[in-house]
Amino acid sequence: MKELIAKAKELLMNKEVDLLIGYQSAGEKKAKPLLIKNPDDADKLVFNEYCLSNLVTYLNRPDIKALSKVAVVAKGCDIRAIVVLLSENQLVREKIFIIGMTCDHVMSPDGTEENIKCSYCKVRNPHLADVVIGAPIDERISKETVVRHEDIEEFNKKTKEEKWNFWKEELSQCIRCYACRQVCPLCYCERCIVDFNNPQWIDTRSNPRGNFAWNIVRALHLSGRCIDCGECERVCPANIPLMLLNRSLQEEAKDKFDWEAGFDPEAQPPLTTFRKEDDEEFIR
Amino acid sequence: MAEQYIDYDKAKEMLGNLTKNSEIEVFGPVKKGNDTFISKLNQNSELSFDYFITVNSIKEALLPRFEPILKYRINHNGVTLEDLPPVKPLVVFGGRPCDASSLPLMKKLFNWDFKDEFYLERLKKVIIITIACDEMDENCFCTSVGGSPRNETGSDVLLERVCSTGWKAKAISEKGKNFLKENSNFFNAKLTPEKGYPKIAEKDIPVVFDSKKIKTWIENNFESPLWEEFGANCLSCAACTFVCPTCHCFDITDDASMWKGVRTKNWDACTLPYFTKHASGHNPRSQSYQRYRQRISHKYSYYIDLFGQVSCTGCGRCSRVCEAGVNILDILKRIDKEATKGGK
Amino acid sequence: MSENVYKPFLMEIVDIKEEAPNTKTFKLNFKKPEEAKKFSFKAGQFGLYSAFGSGESTFCIASSPTRKDYIECTFRIAGRVTTQLANMNIGDTLGFRGPYGNSFPIEEKFYGKNITFVAGGIGLPPVRCLIWNTLDLRDKFKDVNIVYGARTYQDLVYKNELNEWEKREDVNLITTVDPGGEKPENGCTVDWKGHVGFVPTVLEESNIKGGKDSVAIVCGPPIMIKFTLAILEKMGFSPENIYTTLENKMKCGIGKCGRCNVGNFYVCKHGPVINLADLSKLPQEY
């Protein structure tokens with residue numbers, strides 16, 4: 001923690017960055033984002049297993065994007081979002097300072113157990129950072145391991161009708177607050193498809209048609225891009241298991257393209273690249 | 001009349017019974033994951049009564065997420081407007097006093113000059129059965145805005161917990177009295193009040209700010225840099241406003257096929273980036289902190305100018321639901337402190 | 001249930017004028033004569049116009065309240081609703097709710113005074129209603145000045161009426177186009193006789209006089225309003241005597257939906273007409 005605070009002070013004091021985004025305590029077993037411009041506020045910084053938020057999402061906010069340089073505290077899993085944003089030309093590498101934190105695990109949102117995403121984490125040690133803070137941590141699984149999710153296997157055993165009823169029930173609870181979109185580091189569209197009304201692609205009402213269209217379109221827009229931070233599911237005020245959708249699409253990307261987003265800044269994402277040997281004809 | 005009690009089993013039976021009647025809409029507490037929600041009940045709903053506070057508010061019932069306000073048919077001769085089905089009577093069970101006290105507040109707006117009969121009719125036809133609080137958390141502040149854990153405002157029936165599985169019922173309004181009479185076979189549980197209930201008293205929720213001071217500060221400090229600080233973490237979703245019992249902003253949209261259509265009123269929120277954006281691209285509130293300032297100022301200043309009352313019941317739902325860590329109570333306490341310090 | 005406040009009157013389009021590129025004026029008759037009989041409004045008020053299937057859009061009533069039995073509205077294609085409206089023909093049905101909002105205080109504040117209208121581009125329709133209202137009661141006022149400009153000649157709306165006002169002895173009309181707007185390559189089809197220059201500049205160079213007895217009504221794009229207000233104050237117009245109409249985004253028009261308010265000022269209820277003295281007390285959220 002001392003090292004983090006010292007680094008933050010140094011960055012702000014020397015005006016190397018205009019803004020620093022980190023975590024502060026929000027009471028016992030809770031942390032929340034901290035956005036600071038003043039070096040004196042750096043003493044509020046914390047880093048612990050309750051630091052769940054993926055702070056990378058703030059880098060997309062228009063007022064923050066307008067700054068000349070911003071430092072962000074990021075775990076390996078969060079850095080995956082930076083990698084995707086860089087590969088999609090949404091960030092300028094020189095305009096961000098990544099304070100990478102080594103991290104064994106964070107807790108589940110209710111603070112009772114290890115977060116499920118940490119069990120198959122491959123980046124306990126930040127893979128892209130300007131400075132790494134914290135002792136190196138042994139990776140539990142190798143980069144090559146193909147992760148299979150039990151809940152998806154379980155879900156896929158359901159019949160079509162059962163699946164339909166499951167999602168019908170779950171998505172009926174969606175109130176269309178767009179917390180999932182606003183918290184997602186990869187939902188950066190200046191104008192989201194749901195905010196278009198001419199034509200109205202997606203029904204904005206919280207009815208079955210609108211809710212299915214919205215949640216499925218969002219999942220599809222994240223296919224091959226989602227970095228599994230789980231923020232959408234964590235913030236959903238209706239407790240909808242959104243990661244079930246997102247992770248199934250991640251597995252598809254793995255199976256079809258041998259692709260996992262957010263690890264290699266040099267790699268070309270499969271859905272935005274064209275290769276001559278591609279099967280599909282439509283693009284030629 | 002003798003004292004009336006209802007226990008969990010009878011409450012389930014009563015609500016189950018009410019849902020059989022397709023002529024009324026019944027809302028009650030349903031558990032999902034670790035949380036409880038006020039939901040529209042059907043025969044399969046699994047009711048849960050062991051909750052501290054629901055994530056959403058009873059607004060869900062009174063101001064639906066969306067509702068038709070116009071139906072029309074389009075034909076060669078033009079357009080024909082069609083009648084809408086009448087608003088059904090409702091029973092809303094399981095809100096807290098900080099839910100119910102929002103109703104008279106919202107009524108002022110929907111009754112302001114032009115009468116929004118959709119809300120007002122529902123308000124006339126609803127039975128609000130509120131459960132007094134016997135738990136609180138660090139986000140509760142009802143007493144600072146004139147409420148209390150046992151506040152009767154807006155309720156028709158108030159239930160007070162007397163043991164781990166039941167409540168004592170009290171009729172607050174004429175509607176409530178009739179409801180208790182009509183459903184007396186459910187409000188006849190033989191319960192023995194246990195010691196230790198209710199678990200909290202009004203004094204457990206101390207008054208922590210002066211809303212008058214807050215109003216004055218807001219009036220004089222629109223340009224204060226503190227607003228940027230208050231809204232710094234805000235990511236501009238609508239979670240806080242949608243769970244809020246008094247946030248009432250809505251959008252109006254048409255949905256039509258070639259020959260017929262419906263116009264609906266849908267929840268919308270001042271915190272969302274597109275809320276005030278003009279077709280020209282101009283946006284009077286383009287930044288997230290400006291939108292958050294609007295939310296607080298509307299509740300703690302503008303609403304008072306219009307209707308003489310703070311438009312916040314102190315339920316703390318917005319803080320609980322905000323995963324970016326924007327906490328309304330922290331902000332109000334800070335404003336109170338600033339106002340005291342600055343003397344204006 | 002009693003009356004549904006969201007229910008529009010059904011109106012028939014009886015005339016369509018192409019005013020400028022993407023800008024049209026509709027003349028609308030009430031489908032039900034009894035609704036027409038009951039209907040009245042004041043200059044400055046607005047309404048919500050429905051294109052059934054697309055939704056509602058807010059514009060002022062552009063005709064004068066002194067002309068009964070019909071209303072007119074002028075709109076520019078900007079979004080979904082105005083696109084559908086623009087595709088409608090004479091005889092088609094649209095919806096109208098209103099009149100809503102406050103109005104210009106003609107009797108209380110304008111009678112016996114010099115009236116100066118300053119408008120830019122699509123800002124003329126909101127004051128056209130008041131212009132005709134004023135001209136129909138011409139003897140109640142002293143001088144009447146109209147300063148109107150647009151980007152190009154093509155963008156000037158109500159060209160016929162501009163000609164009519166030009167001819168009148170009792171109206172001082174000053175028209176202007178932005179530099180280049182008078183050239184044939186920018187769509188100008190006439191030998192332009194008006195001024196060339198921006199509205200605030202042309203206003204400043206005119207012989208129009210400010211002072212206690214003078215009222216100005218300003219409407220146009222935000223940038224024009226900003227510079228015009230400064231000029232008007234310089235010319236001796238007092239902030240109480242400078243009026244404009246606010247155009248915040250609206251949905252319900254009746255003070256419920258929470259979209260249009262600027263501080264505690266609901267544009268749909270307390271506005272849209274506001275004088276500069278009151279406007280300067282509001283937060284800059286318009």
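Kindly indicate whether C:LEU85 is away from chain B (no Cβ under 11 Å), farther than 30 Å from C:PHE110 by Cβ, in contact with a Phe, Trp or Tyr (Cβ under 8 Å, 6 or more places away or on another chain) and buried (at least 22 other Cβ atoms within 10 Å of the Cβ).
Judged against the criteria, C:LEU85 is a match.
Can you name the condition, by its number, that A:VAL146 falls short on among (1) open to solvent by 70 Å² or more (accessible area, probe 1.4 Å); (2) of a type in the set (Val, Ile, Thr); (3) within 14 Å of another protein chain (Cβ to nearest Cβ)?
The number of the failed condition is (3).
Determine which single condition B:THR264 fails, assuming it passes every other condition in (1) within 11 Å of chain C (Cβ to nearest Cβ); (2) in contact (Cβ under 8 Å) with a residue 12 or more places away in the chain; (3) open to solvent by 10 Å² or more (accessible area, probe 1.4 Å).
(3)
Any residue that is in the same structural domain as A:VAL84 (by TED's automatic domain parsing), under 21 Å from A:ASN14 (Cβ atoms), in contact with a Phe, Trp or Tyr (Cβ under 7 Å, 6 or more places away or on another chain) and touching a residue at least 12 places away in the same chain (Cβ under 8 Å) - is there at least one of those in region A:47-64?
Yes: region A:47-64 contains one or more residues that are in the same structural domain as A:VAL84 (by TED's automatic domain parsing), under 21 Å from A:ASN14 (Cβ atoms), in contact with a Phe, Trp or Tyr (Cβ under 7 Å, 6 or more places away or on another chain) and touching a residue at least 12 places away in the same chain (Cβ under 8 Å).
If we scan region B:51-68, do we find a residue that is within 14 Å of chain C (Cβ to nearest Cβ), free of Cβ contacts under 8 Å to residues at least 60 places away in the same chain and either open to solvent by less than 10 Å² (accessible area, probe 1.4 Å) or among the polar types (S, T, N, Q) (or both)?
No, every residue in region B:51-68 fails to be within 14 Å of chain C (Cβ to nearest Cβ), free of Cβ contacts under 8 Å to residues at least 60 places away in the same chain and either open to solvent by less than 10 Å² (accessible area, probe 1.4 Å) or among the polar types (S, T, N, Q) (or both).
Within region B:329-344, can one find any residue that is of a type outside the set (Asp, Glu), within 8 Å of another protein chain (Cβ to nearest Cβ) and not in a loop (DSSP other than H, G, I, E, B)?
no
So C:GLY236 clears everything in (1) open to solvent by 10 Å² or more (accessible area, probe 1.4 Å); (2) within 14 Å of chain B (Cβ to nearest Cβ); (3) assigned to a loop (DSSP other than H, G, I, E, B) except one condition, right? Which one?
It fails just one condition, (2).
Cβ-Cβ distance below 7 Å, separation of 6 or more or different chains: which pairs start in region C:60-79 with a residue that is without any contact (Cβ under 8 Å) to a residue 40 or more places away in the chain and end on one that is aromatic (Phe, Trp, Tyr) and open to solvent by 50 Å² or more (accessible area, probe 1.4 Å)?
Correct list of pairs: empty, since none qualify.
Give the residue that is nearest to the other protein chains (Cβ to nearest Cβ), with candidates limited to residues of region C:257-271 that are open to solvent by 10 Å² or more (accessible area, probe 1.4 Å) and in contact (Cβ under 8 Å) with a residue 12 or more places away in the chain. Write out each step before concluding.
Step one: filter region C:257-271 for residues open to solvent by 10 Å² or more (accessible area, probe 1.4 Å), giving C:264-265, C:269-270.
With in contact (Cβ under 8 Å) with a residue 12 or more places away in the chain added as a condition, the list becomes C:265, C:269-270.
Numbers: C:PHE265: 9, C:LYS269: 7, C:HIS270: 10 Å.
Only one residue tops the list, namely C:LYS269.
Could you pull out the residue among C:PHE30, C:PHE9 that is within 12 Å of chain B (Cβ to nearest Cβ) and farther than 24 Å from C:PRO221 by Cα?
C:PHE9
Quick grid of which residues meet (1) assigned to a loop (DSSP other than H, G, I, E, B); (2) in contact with a helix residue (DSSP H, G or I) (Cβ under 7 Å, 6 or more places away or on another chain):
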residue	(1), (2)
C:GLU19	no, no
C:LYS37	no, no
C:GLY53	yes, yes
C:SER64	yes, yes
C:ALA78	yes, no
C:ASN89	yes, no
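For region C:58-75, state whether one or more residues are within 24 Å of B:PRO68 (Cα to Cα), in contact with a Phe, Trp or Tyr (Cβ under 9 Å, 6 or more places away or on another chain) and either of a type in the set (Asp, Glu) or open to solvent by 30 Å² or more (accessible area, probe 1.4 Å) (or both).
Let us first name the residues in region C:58-75 that are within 24 Å of B:PRO68 (Cα to Cα), namely C:58-59.
The next check asks that each one be in contact with a Phe, Trp or Tyr (Cβ under 9 Å, 6 or more places away or on another chain); those that pass are C:58-59.
Now narrow it down to the ones that are either of a type in the set (Asp, Glu) or open to solvent by 30 Å² or more (accessible area, probe 1.4 Å) (or both): C:58.
Scanning region C:58-75, I find at least one residue that is within 24 Å of B:PRO68 (Cα to Cα), in contact with a Phe, Trp or Tyr (Cβ under 9 Å, 6 or more places away or on another chain) and either of a type in the set (Asp, Glu) or open to solvent by 30 Å² or more (accessible area, probe 1.4 Å) (or both), so the answer is yes.
Checking B:CYS270 against (1) within 29 Å of B:ALA339 (Cβ to Cβ); (2) more than 8 Å from chain C (Cβ to nearest Cβ): exactly one of these is not met. Which one?
(2)
B:LYS20 fails exactly one of the following numbered conditions: (1) more than 10 Å from every other protein chain (Cβ to nearest Cβ); (2) among the basic types (Lys, Arg); (3) closer than 24 Å to B:ILE172 by Cβ. What is the number of that condition?
Against the list (1) more than 10 Å from every other protein chain (Cβ to nearest Cβ); (2) among the basic types (Lys, Arg); (3) closer than 24 Å to B:ILE172 by Cβ, B:LYS20 comes up short only on (3).
Restrict the check to region A:204-217 and report whether at least one residue is of a type outside the set (A, V, I, L, M), over 21 Å from the mean Cα position of the chain (by Cα), buried (at least 19 other Cβ atoms within 10 Å of the Cβ) and within 14 Å of chain C (Cβ to nearest Cβ).
Yes: region A:204-217 contains one or more residues that are of a type outside the set (A, V, I, L, M), over 21 Å from the mean Cα position of the chain (by Cα), buried (at least 19 other Cβ atoms within 10 Å of the Cβ) and within 14 Å of chain C (Cβ to nearest Cβ).
Quickly run through region B:237-261 and pick out the residues that are small (Gly, Ala, Ser) and either within 7 Å of chain C (Cβ to nearest Cβ) or crowded, with 24+ Cβ neighbours inside 10 Å (or both).
Just the residues of region B:237-261 that are small (Gly, Ala, Ser), to begin with: B:238-239, B:256-257, B:261.
Once the filter is applied, which keeps residues that are small (Gly, Ala, Ser) and either within 7 Å of chain C (Cβ to nearest Cβ) or crowded, with 24+ Cβ neighbours inside 10 Å (or both), region B:237-261 yields B:ALA238, B:ALA239, B:ALA256, B:GLY261.
Take the residues of region A:1-16 that are closer than 26 Å to B:ASN327 by Cβ and surrounded by 20 or more Cβ atoms within 10 Å (Cβ to Cβ): which is farthest from the other protein chains (Cβ to nearest Cβ)?
Out of the qualifying residues, it is A:LEU4.
Condition first: assigned to a loop (DSSP other than H, G, I, E, B) and more than 13 Å from chain C (Cβ to nearest Cβ). Now tell me which residues in region B:274-318 satisfy that.
Residues satisfying the conditions are B:GLN309, B:VAL310, B:CYS312, B:THR313, B:GLY314, B:CYS315, B:GLY316.
Which members of region A:179-191 meet the condition of being in a loop (DSSP other than H, G, I, E, B) and either open to solvent by 20 Å² or more (accessible area, probe 1.4 Å) or of a type in the set (Val, Ile, Thr) (or both)?
Here is the first cut: in region A:179-191, the residues in a loop (DSSP other than H, G, I, E, B) are A:184-191.
The answer is A:CYS187, A:TYR188, A:CYS189, A:GLU190, A:ARG191.
Suppose we filter C:ILE254, C:ILE231 for residues that are of a type in the set (A, V, I, L, M) and open to solvent by less than 10 Å² (accessible area, probe 1.4 Å); which single one remains?
C:ILE254
Of the conditions (1) in a loop (DSSP other than H, G, I, E, B); (2) open to solvent by less than 40 Å² (accessible area, probe 1.4 Å); (3) among the acidic types (Asp, Glu), A:GLU260 fails just one. Which one is it?
Going through the list (1) in a loop (DSSP other than H, G, I, E, B); (2) open to solvent by less than 40 Å² (accessible area, probe 1.4 Å); (3) among the acidic types (Asp, Glu), A:GLU260 breaks only (2).
Within region B:159-174, track down each residue that is buried (at least 23 other Cβ atoms within 10 Å of the Cβ) and within 30 Å of C:LYS256 (Cβ to Cβ).
Scanning region B:159-174 gives no hits.
With the structure loaded, tell me whether C:GLU247 is outside any loop (DSSP other than H, G, I, E, B) and either within 13 Å of chain B (Cβ to nearest Cβ) or open to solvent by 10 Å² or more (accessible area, probe 1.4 Å) (or both) or whether it fails that test.
no
Within the bounds of region C:29-45, is there any residue that is farther than 21 Å from C:ASN160 by Cβ, open to solvent by less than 10 Å² (accessible area, probe 1.4 Å) and within 18 Å of the chain's Cα centre (by Cα)?
There is at least one residue in region C:29-45 that is farther than 21 Å from C:ASN160 by Cβ, open to solvent by less than 10 Å² (accessible area, probe 1.4 Å) and within 18 Å of the chain's Cα centre (by Cα).
Would you mind finding the one in B:ARG122, B:ARG96 that is within 12 Å of chain C (Cβ to nearest Cβ), under 24 Å from B:VAL243 (Cβ atoms), charged (D, E, K, R) and open to solvent by less than 50 Å² (accessible area, probe 1.4 Å)?
B:ARG122
Tell me, which residue of region B:33-45 that is open to solvent by 100 Å² or more (accessible area, probe 1.4 Å), more than 17 Å from the chain's Cα centre (by Cα) and within 12 Å of chain A (Cβ to nearest Cβ) is nearest to B:LYS12 (Cα to Cα)?
B:ASN44
The values are calculated or read from the model by the stated rules, or taken from the named source; none is laboratory data. No experiment lies behind these values; they were computed from the predicted model shown. Cβ: placed from backbone, ideal geometry, glycine included. Neighbour counts: every protein chain shown. Areas reflect the complete protein model, heavy atoms only, side chains present, ligands, DNA and RNA absent. Shrake-Rupley method; radii C 1.70, N 1.55, O 1.52, S 1.80 Å.
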